[in-house]
Amino acid sequence: MSGSIKFSCFAEKALLSDGWARDVLIGIDDDGRIASLKRGAASGEAERLAGPVVPALADLHSHAFQRAMAGLTDVAAGGDDSFWTWREKMYDLVARLAPEDAEAIAAKLQVELMKGGFGRVVEFHYLHHGADGRPYDDTAEMSLRILSAATTSGIGLTLLPVFYAHSDFGGAAPTAGQRRFIHDVDGFLTLLHRLVQPCRTAGARLGLAIHSLRAATGDEIANILDAVPDHAPVHIHVAEQQREVEASLAHSGRRPVERLYDIADVDSRWCLVHATQTTTAEVRMIAASGAVVGLCPTTEADLGDGVFPAVDFLAAGGRFGIGTDSHVGTTVVDELRLLEYGQRLADRRRNRLASTAGASVARTLHDAALTGGAQAAGLPVAGIAVGASADLVVLDGASPYLSGETGDAILGRWLFGGIGQAVRDVMVGGRWTIREGRHARDGEIDAAFAAALTRLRA
Ligand code: NGQ
Ligand code: ZN
């Protein structure tokens, strides 16, 4: 599983997969995996890390291109703004996005995500075709742009090409605004096969997604799942908006989560994104199935989705991870803090997402998002453990908020203290991508991003 040690790092304080440890020597092999862990060790020749070390989390839900419109849609249209009116603005961006724009935006976003404490992003990628809806000469053109961005940024990538065929339940025809997303089942499987080798070469994992129960029929979903390996992650947007629940009931007499469990064997390879509109019975059913719920708190707040019943879900043993989705937030802090605060605001109580007395909310959330995120990203091992990818976040040991703290108080200060930028260095797959808060290619990545925004404004 793990090869010979290529280099070692030394951390005075590290959050390992079985808890906090002191004076840890982390040995990393040629493949960028953790090959050895020694506690209570001497630093010796190893590189001394400049602060407490925690595992980098996976961001389990991203539409990278939407980063380009962050902050531009908060202009009232006259009182009935909603998820659906936001979606029209998003489609305006979709209509204008060239492949080089998509790549530049994704590279910038990926660097921001690493600076925010993520080591991997799961890209739910549905923008496939040219502006007129015709496939590019290479059907994978837009997917390859995401891979290329990840090579530039160095982030870990799980790519989920998305199947999208309809505008609503019952196989309704897609709208003009959706034409860049559309495949039939054969066309989608061709795209998936086309991506196997490029993903291997780029070191990315390949899964798949069904956009939503609106965008695919039960038969299409069954045909796709029959044709793909049964270990790859499968993601779907589900039960995000009340209108979607009503459309599902009108079509099948079943709510979206019920409908999904009717038509598919939902298990631990699945990630149900949002699931904000769920009943207590549905929450229990999801928890029992072992699927991960993909929570995207800043986007869900931005779009007025509602609040996921996370307290009940956690009590039922449910697994969740966090995503930044439309990227109005790009940090672990923003997502985990709002996840907890949403429950507090709804319940008028404190410390909702930690069940046992004495448990740290920050630690409970971070642990859950680590294991849930790894599961949803298709990673076999999560966290700082032998055999795992060396995906590390070094917090700023020079910060007065962090320097004297130990154990879960470090996570409390970082996630709930409002202490500002605390991520100092980030390692992904044994390579430093962020050092002292900067990426080596920040200059060129920012310039390409600015050029894309200029083109999109024109
Ligand atoms: C998306 N985003 O695909 O980007 C969706 C909106 C839809 C979120 N659900 C479009 N947050 O669901 O139809
Ligand atoms: Zn989404």
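What to note about this one:
- For the range 316-346, the candidate set comprises residues that are farther than 21 Å from R413 by Cβ and aliphatic (A, V, I, L, M); within that set, the residue that is nearest to ligand 2 (Cβ to nearest atom) is V328.
- The lone exception for A281 - which of (1) free of Cβ contacts under 8 Å to residues at least 24 places away in the same chain; (2) touching a strand residue (DSSP E or B) at 6+ places or on another chain (Cβ under 9 Å) it fails: (2)
- Of all the numbered requirements in (1) open to solvent by 30 Å² or more (accessible area, probe 1.4 Å); (2) of a type in the set (S, T, Y); (3) touching a residue at least 12 places away in the same chain (Cβ under 8 Å); (4) over 21 Å from V234 (Cβ atoms), S153 misses one, and that requirement is (1).
- Here the range 333-344 is the region considered, the condition is being more than 16 Å from ligand 1 (Cβ to nearest atom) and touching a residue at least 24 places away in the same chain (Cβ under 8 Å), and the residue that is most open to solvent (accessible area, probe 1.4 Å) is R337.
- The lone criterion from (1) free of Cβ contacts under 8 Å to residues at least 40 places away in the same chain; (2) part of a helix (DSSP H, G or I) left unmet by D137 is number (2).
- Selection within the range 276-300 - away from ligand 1 (no atom under 11 Å from the Cβ) and surrounded by fewer than 24 Cβ atoms within 10 Å (Cβ to Cβ): Q277, T279, T280, A281, E282, V283, R284, M285, A287, A288, S289, G290
- Looking only at the range 105-134, residues that are in a loop (DSSP other than H, G, I, E, B), within 16 Å of ligand 1 (Cβ to nearest atom) and under 24 Å from G323 (Cα atoms) come to 3 in all.
Per-residue answers, yes or no, for (1) over 14 Å from the mean Cα position of the chain (by Cα); (2) crowded, with 23+ Cβ neighbours inside 10 Å; (3) away from ligand 1 (no atom under 12 Å from the Cβ):
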| position | (1), (2), (3) |
| --- | --- |
| D305 | yes, no, no |
| F308 | yes, yes, yes |
| V311 | yes, no, yes |
| L314 | yes, no, yes |
| S326 | no, yes, no |
| T331 | no, no, yes |
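- Residue match in the range 347-356 (condition: surrounded by fewer than 24 Cβ atoms within 10 Å (Cβ to Cβ) and either assigned to a helix (DSSP H, G or I) or within 15 Å of ligand 2 (Cβ to nearest atom) (or both)): yes
The values are calculated or read from the model by the stated rules, or taken from the named source; none is laboratory data. What you see is a predicted model, and the numbers here were worked out from it, not measured in a lab. For neighbour counting, all protein chains shown are included, and Cβ atoms are generated from backbone atoms with ideal geometry for every residue, glycine included. We work out accessible area using only protein heavy atoms, side chains counted, and drop any ligands, DNA or RNA first. Shrake-Rupley method; radii C 1.70, N 1.55, O 1.52, S 1.80 Å.
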